[in-house]
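To start, the structure itself, in structure tokens.
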2 protein chains.
Amino acid sequence: MSPSARRTGRPRSAEADRAILVATRAALVELGWAKLTLGDVAARAKVAKTTLYRRWASKCELVVDAVAAVFDEQLEAGDHGSLHADVEAAVIRLGALLERPETGTALMAVLAEAMHDETLRCRVRSAIVDRQKRLVTLGRERARLRGELPCEEDPGTSARNADLIFDAVAGTVLHRLMVSAEPVDPRWARDFTDLLLYGMTGADSGGATAAGPAPDGAQKPAGSV
Amino acid sequence: MSPSARRTGRPRSAEADRAILVATRAALVELGWAKLTLGDVAARAKVAKTTLYRRWASKCELVVDAVAAVFDEQLEAGDHGSLHADVEAAVIRLGALLERPETGTALMAVLAEAMHDETLRCRVRSAIVDRQKRLVTLGRERARLRGELPCEEDPGTSARNADLIFDAVAGTVLHRLMVSAEPVDPRWARDFTDLLLYGMTGADSGGATAAGPAPDGAQKPAGSV
DNA sequence: GAGTTACGCTACGACTCGTAGCGTAAGGGT
DNA sequence: ACCCTTACGCTACGAGTCGTAGCGTAACTC
């Protein structure tokens, strides 16, 4: 239907698409969400304002696509050899992604707007959230094969735990950057990973937090108290 | 200076203040951040538009105050007898607060806008964030007195850990509600608390996650694997 | 070449913004 | 009681943005 309806006529300029998304991110950094106008984006992208309106119905949808493109570039889930290393790498990668001013600002603004727009919320979920969540599932699967996590018979429990982990990782990194306005540096990433794996009690007492060089790296048993 | 400058003349109507903040929250729920206009807020509050502009310079500052008032109402840190119970209570309380549509929407929008406005960011921090963060410090202090957490000599380490815990709690709850759009129900609060205290490894294997009624309640040792 | 679709450009009505000006209301100082 | 000071309500205004319509042209398919 979609391909048959558009197999004829002048095709949409792919370069215009890219220029618009780039301009959207640039304008977002410079002006912020509130002062971002579609007219300004069109001027930066050197396209007519009408072209913009022909493709995106609202400012929200445009920004979602602009941000999703950045997330797609950064989507990967390499195997770092241990659950600890995998989590730490994910934290640093997500932190680097959200530290880019365009990404963080845009994501927050879109999420705020999505509270009132179910369509927009679905769009955000499919374009950004679900693809990131898949990485959590993959990482846990690898950890289970390594014997770092127990097998779970109940798929419901497994899904719930994956959701919980995802909320914890993404939410904490987001909060660190957006609310606390502190950087996701290697030390914090390690501290947070320790917290996730071993909990408040274990991480605080294990001596792997402050001055020590964390000699155990990736193989700290849970009952280390 | 401020009190001396305003000790004479007609005082500002305190009721108008309250009406404006109430109207702001109501309009935020109904219209969302993008479509929220100060003119509309003024009409709802039954005050002149000029009165609004005399007190708040921008939409952001108005919304910050409107949200901060709600946070103030809910600020408490009761002693629930154990670290586990304290954390779980805080999660549920924060969840209930952010589940109110006005609060979550407004907070996200203001945070997004604060990325470009250092003044606004400071305002958010002092009005909302820092007051919540104090609860974390208090809870950890109590846990230390109970012997649930080890003493920390280094104040820098202690502060870093408190910040980390705060980001983890607030960020995860926020993400669960705003991004995943799932409720903070008692089961999730318990699962998340287990994760925070005992880590991924401990919480997953302890059997306190899925169907069981969690018979141990608040006294699960860290080395329960 | 004919048909179809996208693009750039211009112009437009509708709307909101934030401010200025004026007269009136509500307190404090003597 | 009187004046002074400040806040309030109301109206009106220029400035700016919004999203759309109309037209001629460019690009691609059959």
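The values are calculated or read from the model by the stated rules, or taken from the named source; none is laboratory data. It should be emphasised that the depicted structure is a prediction, and the values quoted were computed from it without experimental measurement. Virtual Cβ from ideal backbone geometry, glycine too; neighbours counted across all protein chains shown. Ligands, DNA and RNA are excluded from the accessible area calculation, which covers all protein heavy atoms including side chains. Shrake-Rupley method; radii C 1.70, N 1.55, O 1.52, S 1.80 Å.
Quick notes
- Flag if B:L97 is open to solvent by less than 20 Å² (accessible area, probe 1.4 Å), away from DNA strand D (no atom under 13 Å from the Cβ) and either under 30 Å from B:L149 (Cα atoms) or not assigned by TED's automatic domain parsing to the domain that holds B:T137 (or both): yes
- Residue within region A:60-70 that is within 16 Å of DNA strand D (Cβ to nearest atom) and open to solvent by 30 Å² or more (accessible area, probe 1.4 Å) present: yes
- Failed item in (1) more than 10 Å from DNA strand D (Cβ to nearest atom); (2) over 19 Å from the mean Cα position of the chain (by Cα), with B:D17 passing the rest: (1)
- Count of residues meeting criterion [open to solvent by less than 30 Å² (accessible area, probe 1.4 Å), in contact (Cβ under 8 Å) with a residue 60 or more places away in the chain and either in the same structural domain as B:M108 (by TED's automatic domain parsing) or not aromatic (F, W, Y) (or both)] in region B:25-58: 2
- Condition check for B:A89: without any contact (Cβ under 8 Å) to a residue 40 or more places away in the chain, open to solvent by less than 70 Å² (accessible area, probe 1.4 Å) and within 16 Å of DNA strand D (Cβ to nearest atom): no
- Condition met for A:L111 (more than 13 Å from chain B (Cβ to nearest Cβ), more than 20 Å from A:D194 (Cα to Cα) and either surrounded by fewer than 17 Cβ atoms within 10 Å (Cβ to Cβ) or within 14 Å of the chain's Cα centre (by Cα) (or both)): no
- Residue identified as in contact (Cβ under 8 Å) with a residue 12 or more places away in the chain, open to solvent by 20 Å² or more (accessible area, probe 1.4 Å) and either at the interface with chain A (Cβ under 9 Å from one of its Cβ atoms) or under 27 Å from A:L164 (Cα atoms) (or both) among B:R131, B:R123, B:R160, B:R140: B:R131
- When A:C151 is tested against (1) outside any helix (DSSP H, G or I); (2) at the interface with chain B (Cβ under 8 Å from one of its Cβ atoms); (3) open to solvent by 20 Å² or more (accessible area, probe 1.4 Å), just one condition goes unmet, and that condition is (2).
- Only residues that are more than 12 Å from the chain's Cα centre (by Cα) and within 11 Å of chain B (Cβ to nearest Cβ) were counted in region A:86-105, giving 4.
- Within region A:1-115, helices (runs of 4 or more DSSP H) holding 3 or more residues that are more than 16 Å from DNA strand C (Cβ to nearest atom) and modelled with pLDDT of 85 or more: A:14-31, A:59-73, A:83-99, A:101-114
- Of all residues making up region A:169-197, the number that are more than 16 Å from B:A162 (Cα to Cα) and at the interface with another protein chain (Cβ under 8 Å from one of its Cβ atoms): 5
- Residue count for region B:179-190, restricted to those that are part of a helix (DSSP H, G or I) and open to solvent by 10 Å² or more (accessible area, probe 1.4 Å): 4
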